[in-house]
1. Please note which helices (runs of 4 or more DSSP H) are completely contained in the range 366-464 and include at least 1 residues that are more than 16 Å from ligand 2 (Cβ to nearest atom), closer than 26 Å to PHE579 by Cα and out of contact with any helix residue (DSSP H, G or I) (no Cβ under 7 Å at 6 or more places or on another chain).
2. Can you list residue pairs whose Cβ atoms sit under 6 Å apart, with the first residue in the range 366-385 being of a type in the set (A, V, I, L, M) and the second being open to solvent by less than 30 Å² (accessible area, probe 1.4 Å) and within 8 Å of ligand 1 (Cβ to nearest atom)? Count only pairs 6 or more apart in sequence or on different chains.
3. Pairs, please: C-beta under 6 Å, at least 6 apart or cross-chain, first residue free of Cβ contacts under 8 Å to residues at least 40 places away in the same chain and in the range 204-229, second part of a helix (DSSP H, G or I) and more than 16 Å from ligand 2 (Cβ to nearest atom)?
4. Mind checking which residues of the range 387-407 are under 20 Å from CYS436 (Cβ atoms) and open to solvent by less than 20 Å² (accessible area, probe 1.4 Å)?
5. Out of all the residues in the range 156-176, is one or more within 16 Å of ligand 2 (Cβ to nearest atom), closer than 26 Å to TYR269 by Cα and among the polar types (S, T, N, Q)?
6. Considering only the range 470-509, state which residues are more than 19 Å from GLN562 (Cβ to Cβ) and among the hydrophobic types (A, V, I, L, M, F, W, C).
7. Collect the residues in the range 110-143 that are within 27 Å of the chain's Cα centre (by Cα), farther than 23 Å from ASP250 by Cα and assigned to a helix (DSSP H, G or I), keeping them in residue-number order.
8. Answer with yes or no whether MET287 is away from ligand 2 (no atom under 16 Å from the Cβ), in contact with a helix residue (DSSP H, G or I) (Cβ under 8 Å, 6 or more places away or on another chain) and in a loop (DSSP other than H, G, I, E, B).
Amino acid sequence: MSMRMRIIQLKRNKFARVAIGSVIIIILLFALFKRSTKIQYPTQPSYAKQFKHSLIPPFYRDGVPGNFESSIPNHGSGPGEGGIPYRVPSSRENEALLGISEYGMNMACSDDISLNRTIPDLRMEECRFWNYPEELPRTSVIIVFHNEGWSSLLRTVHSVLNRTPPQFLEEILLVDDFSDKENLKNKLEYYIEKFNGKVRLIRNSEREGLIRTRSKGALNARGEIILFLDAHCEVGYNWLPPLVSPIALDRKIMTVPVIDGIDHNTWEYRPVYEKDHFFRGIFEWGMLYKEIELPEQEDQKRTYKSEPYKSPTHAGGLFAINRDYFLELGAYDPGLLVWGGENFELSFKIWQCGGSIEWVPCSRVGHVYRGFMPYNFGKLGSKVKGPLITYNYKRVIETWFDSKHKEFFYTREPLARYLDMGDISAQLELKDRLQCKDFSWFMENVAYDVYTKFPELPPNIHWGEVHNVGKKKCLDTRGRQPPSLIGLELCHGQGNNQLFRLNAKGQLGVGERCVNADRQGVKLIVCSLGTVDGPWQYESSNKLLHHTRTKKCLSVHPSSPQVMLTPCDTNNANQQWVFKPIIPNW
Ligand code: UD2
Ligand code: MN
């Protein structure tokens, strides 16, 4: 062997050793990495793939239709075309009523309306003049459903196919949360075959609830962007590019369309918000979702009113997010059950861990708001002894709130203190690992406007059932909507309609409502926003509940369960009240 050949051989051997060595190191590192991560979601961002520096951000040219605008189709004359209200012939009134009780929406009406019907273009004028990047990441539209009506589910699918640029639509992924309706079985599978793979269907083998079913959809989706819709929506004209563009430019932005209302009885398509008013999502301290007009300081950040703006939270159902980012955040907390609170979990997680949420005025999607919830929570519902939604809230609050704000939640929902919340250690670990900011940062920098409507809550001085000494019965709201008279009923120890709170500033509250008195009687009313005080004062020594404004006392009519204000009389047992905290035996 010549000298030169030997050198080459040696070099080759050396090269082979280095190569083999590196492969072993990579395998070892990989094994180590696998062992050290406990959750199954990817934790390494794939920035390289997603940062497209060449993308030109959206730009506006006044009066010139944007690059994805097309002419709005003429409205046909069929039922519900153009989103006008439709009423079924009176001969089908019975069918309509049955549909409402089965689905919470008038299915007979929906069945008569074309799956490809037109809707009104409710966007602001400006929205027609925006240009969006020509190359956007592809989207999986994920629709989870449990026992939804056939035509409303498929109208959601058709509207997406009709109004989305096909090059951006990876797929529509239907995820069946263990429905038992016959037409959602084989018939649905045959039906979607005609879409040649563009519409996929996967199913749960047991009921998982909408939260886990959405996480499953995200895991199974093939698109770079995932976009969730409820199973009774109709997307608007040019709805997708404005939602996806912000994410294409910054993978940690989650975007939310403006939701329009579809009437559950007539299928009328109409705006929820007044023209030129912009709202964003917040919450009150009992964790009911609320909306508030965009604060001035956010409004001023925009050149055009049609631009996206920041929002602390969102309603839950409709939003787009980068799939990898969603999975890096652990998707939804897998310990959340069935329905509720997941919108807050995701919002707090995104904001506190370095991302943001934007509402997009130029993207509009209609949603059928049902009259009531037509399904129960199945087996998962009985896993929790107390209310399931509060269980979810408690998980979210104990993970993301700080001690000051947790106290507001327990003041507003005293029974939640006694409720189980399962194990949240994995959530706390995630918060730690992602080095998320604390809740006061979120309140000061993002959700500062919450306080304007829902100020810090003074502690409860007394809470529980309010027993009347004379009648041996309890104050009860009777579950009516405010304004409504409150009365006396048998005490039942369950809290429902009988859990009152008297705070340190004299406000007597039940849930999110307040108790007030006027000439007609003692009423449950909508609390005046931005205030936490009220006219009530309780004197433990003589058990009188004073109404300080009129200087009268709360009392019961001697011969009826009617509650009213009368001149104070310490000797009248019908004016004596005792607060008894409810300690649930959950
Ligand atoms: C709102 C949200 C909804 C969800 C919920 C709280 C909007 C417009 N809607 O209630 O998306 O965030 O608040 O959790 O923001 N479903 C299942 N399995 C179940 C129950 C429901 O797959 O066990 C499906 C259901 O078929 C529907 C979706 O989940 O497609 C949302 O349920 P909903 O429409 O009853 O919730 P909604 O609009 O009252
Ligand atoms: Mn819905």
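The values are calculated or read from the model by the stated rules, or taken from the named source; none is laboratory data. Since this is a predicted model, take the numbers as computed values, not measurements. With ideal geometry, Cβ positions are generated from the backbone for all residues, glycine too; neighbour counts draw on all protein chains shown. Heads up: the accessible areas ignore ligands, DNA and RNA and are worked out on the full protein's heavy atoms, side chains in. Shrake-Rupley method; radii C 1.70, N 1.55, O 1.52, S 1.80 Å.
1. Working: elements: 378-381, 388-400, 403-412, 425-433, 439-445, 450-453.
Here the list reads 388-400, 403-412.
2. VAL368/HIS232; LEU380/GLY209; LEU380/VAL338
3. none
4. The first filter runs over the range 387-407 and keeps only residues under 20 Å from CYS436 (Cβ atoms), leaving 392-406.
Within the range 387-407, ASN392, LYS394, ARG395, VAL396, ILE397, THR399, TRP400, PHE401, HIS405 meet the criteria.
5. Yes, the conditions are met somewhere in the range 156-176.
6. The answer is LEU499, LEU502, ALA504.
7. If the condition is that a residue be within 27 Å of the chain's Cα centre (by Cα), farther than 23 Å from ASP250 by Cα and assigned to a helix (DSSP H, G or I), then SER110 is the only one that fits.
8. On the way: away from ligand 2 (no atom under 16 Å from the Cβ): yes; in contact with a helix residue (DSSP H, G or I) (Cβ under 8 Å, 6 or more places away or on another chain): yes; in a loop (DSSP other than H, G, I, E, B): yes.
The answer is yes for MET287.
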